[in-house]
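S.K.: First the structure, then my questions, so here it is.
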Amino acid sequence: MPPIERTVRGLIEAALRDTDPDGPVRWQVISTLRQRGDLESFIEARRLCAADSVTERLLGVDIMGMLSPFVDRTLPVLRYLAASESDAMVLYSVLIAFGHLADPRSLPSVIDLAGHDDARVRYGAAYALQHVLGNPPDRAGLEALRMLAVDSDADVAGWAALGVALTTGRVL
């Protein structure tokens, strides 16, 4: 069911009431804010990224990953979270956001997280790397992707192997 509220703050509140990170209301709100693509949506997402609550930070990151018109303002926030966040799901979402934004300036943060202890974070890094390697692909980034392709977690390894194949045209 679509949220009735159409102000940015009202949309955010509706999304926060959907407690499922993959919930339909939450992602409809994110999609609506992506379509708006306005400064107010960015400011609210940035505010959420600084919240004490994991749920709010997660929503803020997921919104920011969809606001490509603000990539120059979004990357510093996401890179800060990549370096300081302790919650694995927020880090995973930061990496997915990097992948969506596809900006090579996020590559150092993605490489740093590629060796994380949590498989969810490494999976996010495997997804992001193929989108932020640049053209031609950055050597260190490609090496990180190759390392993830032999990860102990099958999902991480599979996604990274696909990324290597798509990036280099060679299957491992």
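S.K.: List pairs: first in the stretch 109-136 and open to solvent by 40 Å² or more (accessible area, probe 1.4 Å), second charged (D, E, K, R) and not in a loop (DSSP other than H, G, I, E, B), Cβ under 9 Å, 6+ apart or cross-chain?
M.R.: Hits for this filter: ILE111/GLU143; GLY115/ARG122; HIS116/ARG122; TYR123/ASP155.
S.K.: I've got another one for you. Go through the stretch 149-172 and give me each residue that's at pLDDT 95 or above and of a type in the set (Gly, Ala, Ser).
M.R.: Answer for the stretch 149-172, where residues must be at pLDDT 95 or above and of a type in the set (Gly, Ala, Ser): ALA149, SER152, ALA154, ALA157, GLY158, ALA160, ALA161.
S.K.: Looking at the stretch 126-135, can you tell me whether even one residue there is assigned to a loop (DSSP other than H, G, I, E, B), within 19 Å of MET64 (Cα to Cα) and out of contact with any Ser or Thr (no Cβ under 8 Å at 6 or more places or on another chain)? Working first, answer last.
M.R.: So the first thing to find is which residues in the stretch 126-135 are assigned to a loop (DSSP other than H, G, I, E, B), and the list is 133-135.
Filter again for within 19 Å of MET64 (Cα to Cα), leaving none.
Among the residues of the stretch 126-135, not one is assigned to a loop (DSSP other than H, G, I, E, B), within 19 Å of MET64 (Cα to Cα) and out of contact with any Ser or Thr (no Cβ under 8 Å at 6 or more places or on another chain), which makes the answer no.
S.K.: Criterion first (free of Cβ contacts under 8 Å to residues at least 12 places away in the same chain, out of contact with any helix residue (DSSP H, G or I) (no Cβ under 9 Å at 6 or more places or on another chain) and of a type in the set (Ser, Thr, Tyr)) does SER86 satisfy it?
M.R.: Yes; evaluated as a whole, the condition is true for this residue.
The values are calculated or read from the model by the stated rules, or taken from the named source; none is laboratory data. Because the structure is a prediction, the values reported are computed rather than measured. Cβ sites come from the backbone with ideal geometry, for glycine too, and all protein chains shown count toward neighbours. Calculation scope for accessible area: heavy atoms of the full protein, side chains included, ligands and nucleic acids excluded. Shrake-Rupley method; radii C 1.70, N 1.55, O 1.52, S 1.80 Å.
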